[in-house]
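Data first, discussion second: the structure below is written as C-alpha cells.
The values are calculated or read from the model by the stated rules, or taken from the named source; none is laboratory data. Bear in mind that the values here come from a model prediction, so they are computed numbers and not experimental data. Don't worry about glycine lacking a Cβ; one is built from the backbone with ideal geometry, like all the others, and counts go over all protein chains shown. Please note that ligands, DNA and RNA were not included when accessible areas were found on the heavy atoms of the full protein model with its side chains. Shrake-Rupley method; radii C 1.70, N 1.55, O 1.52, S 1.80 Å.
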Amino acid sequence: MFDDSPKRFDRIVALLIQLQSKRVVKAQELADRFEVSLRTIYRDIRSLEASGVPIYGEPGVGYSLVEGYRLPPVMFTREEAGSFIAAEKLMQTFIDKELGAHYTSAMFKIKSVLRNSDKDWLSAIESKVIVQRTGSKLFNDAVPEAMAVLFESIADKTQVKLQYQSFEAEEVSERTIEPVGIFHDNNNWYVFGFCHLRKDYRQFRADRIQGIKITKFPFVKEHGALEMYLNKEKEYPTTKVVLLVDKKISKYLENEKKYHGFISQKNVEDKIEMTFLSRDVENGFSRWVLMFMDFAVIVEPQRLKERVLELLETYKTGLLK
C-alpha cells in the first residue's frame, strides 16, 4: 500500500522541484538527498508520472522532465527566505564584482516571489547581518569578471588566457589554462587547472590574476573532478612536527593551526602537545612558529629547531645592519 503521509507528499513536491533544477537527475542522487531507498524513489517517480508530469527516464543515466514543462514559481518558507540573507552577505564579501552583480540580480527575482509578510521579515534582519573578511582582497579590482569567466570556461570546456603575477616572479607571465575547478582555502580563492606553459596541473591565486580572457579553443584534455586533484596534492611527503605550547596561547592558534597540517593535541601538565604533518617545514611552518616561539617548545623534528635558529640569526643580522 502506498504511503500517503504528509511527509511523502512533501518529498514528492521537493523531488519535482529538483527535477526542474537540472537537465538530468540520477535516482541515487535523489535517494541520497531524501535519505530513502532507490525503490522509494522509483515509486515516487511513478506517482508523478501518474499525476501527469512528463518524466523521461533512461537506465544508467537518470530522469529529466520533457523539454518545455515547467511549474509556476514555488513559494519559499520563512526559514528558506532567511537563509538567503546569509548567502547574500557571503556573496557580497567573498565573490568578485561581476558575479556578485549577477547574484544581486538573482536575489531581486527570488525576493519578488515572497509573501509580503516574509519580505518584511527579511527586511527586518537584513541590516542586522554583517560578514567581515580578514586579510587582503580576494580579487584584483582591475579584473572584476575573473570568477564569471572561469565559470563560463569550466561549463563550456573552453581554454582561458591569463595574465598572471606569481609570487616569486617580477614580471607578469601569460598562461593558457584549462580550468578544472575553483576552491577557497586559507582566506584566498584559487583556480586549479592544466597549464599549457608548464604542461602540468597548477593552481593560481585569484588576486594575482592581472588579466583574463576566454578563448575559442576547446580543452585538449579530459579532466577529472577537482576533489580528486586536491586529494592528490595532500599526498605529498610530510614531516611530523610536535610542539609543546603554553595553554594560555594555544587558543589563539585555533584558526591557523589547521592550515599547517594539524592532526591532534593532548594535555601534558600545564602545556598542550600539538602534532602536525607539515608539507613545508623549511619555510611556512618555521616562520609561523616564530610568531609564538616564546610560548612554545619544539619537540621534533631536529631540522625545524635548526631552521628556526637560522631564521633568527638572519633576522638578528638584518637588525644590526
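Rg over Rh for the range 218-321 works out to 1.11, both radii taken from alpha-carbon positions and Rh defined as the Kirkwood radius.
Give the angle, between 0 and 90 degrees and rounded to the nearest 10, that separates the Cα long axis of helix 38-50 from the longest principal axis of the Cα atoms of the chain. The two axes meet at around 40 degrees. Rounded to the nearest 20, the size of the Cβ-charge dipole of the range 238-321 about its Cα centre is 140 debye, with Lys and Arg at +1 and Asp and Glu at -1.
Taking every DSSP helix (H) stretch of at least 4 residues in the chain, weighting each as -39,500 (n - 2.57) and dividing the sum by the residue count yields a mean residue ellipticity at 222 nm of -12500 deg cm²/dmol. The convex hull built on the alpha-carbon positions of the chain has an orientation-averaged projected area of 25.0 nm². The HN-Hα couplings worked out from phi for the range 271-281 by the Karplus form 6.51 cos²θ - 1.76 cosθ + 1.60 (θ = phi - 60°) are 10, 10, 8, 10, 10, 10, 10, 9, 9, 8, 5 Hz, whole numbers, x standing for Gly and Pro. Greater than 18 Å separation of Cα atoms is the criterion. Which listed pairs, Lys89/Lys213; Lys251/Lys271; Lys128/Lys251; Lys89/Lys257, meet it? Cα-Cα > 18 Å for Lys89/Lys213; Lys128/Lys251; Lys89/Lys257; rest within.
Computed from point charges on the beta carbon alone (+1 for Lys and Arg, -1 for Asp and Glu), the dipole magnitude for the range 184-262 about its Cα centre is near 180 Debye. Net charge of the neighbourhood of Asp207, taken over other residues with C-beta under 11 Å away and scored Lys/Arg +1, Asp/Glu -1, is +1. Sorting Met291, Met228, Met147 on solvent-accessible area from highest to lowest, probe radius 1.4 Å, gives Met291, Met228, Met147. When the chain is treated as a Gaussian network with alpha carbon springs shorter than 10 Å, the biggest mean-square fluctuation among Thr158, Thr215, Thr93 belongs to Thr215. The residue among His260, Trp288, Phe9 whose Cα reaches farthest toward the positive pole of the charge dipole of the chain, with charges on the beta-carbon of Lys, Arg, Asp and Glu, is Phe9. Which one of Ala81, Ala169, Ala148 has the biggest mean-square fluctuation once the chain is modelled by GNM with Cα springs under 10 Å? The residue that fluctuates most here is Ala169.
For the range 165-254, applying the loop criterion from DSSP together with a ceiling of 11 other beta carbons within 10 Å to the chymotrypsin sites (Phe, Trp or Tyr not before Pro) yields Phe167.
Among Glu313, Glu300, Glu273, the order of accessible area from largest down is Glu313, Glu300, Glu273, computed with a 1.4 Å probe on protein heavy atoms. With viscosity set to 1.306 mPa s and temperature to 10 °C, compute the Stokes-Einstein D of the range 120-249, Rh being the Kirkwood radius across alpha carbon pairs; µm²/s, no decimals. D = 92 µm²/s.
Return the FRET efficiency for the residue pair Arg287, Ala225: r is the Cβ-Cβ distance, R0 is 41 Å, and the value is rounded to the nearest 0.05. Efficiency for this residue pair is about 0.80. Here's the list of aspartates and glutamates a cross-link from Lys221 could span, going by alpha-carbon distance under 19 Å and ignoring same-chain residues fewer than 8 apart: Glu152, Asp156, Glu178, Asp200. Return the single residue from Glu178, Glu282, Glu126 with maximal mean-square fluctuation; model: Gaussian network over the chain, springs between Cα atoms under 10 Å. Highest fluctuation of the listed residues: Glu282.
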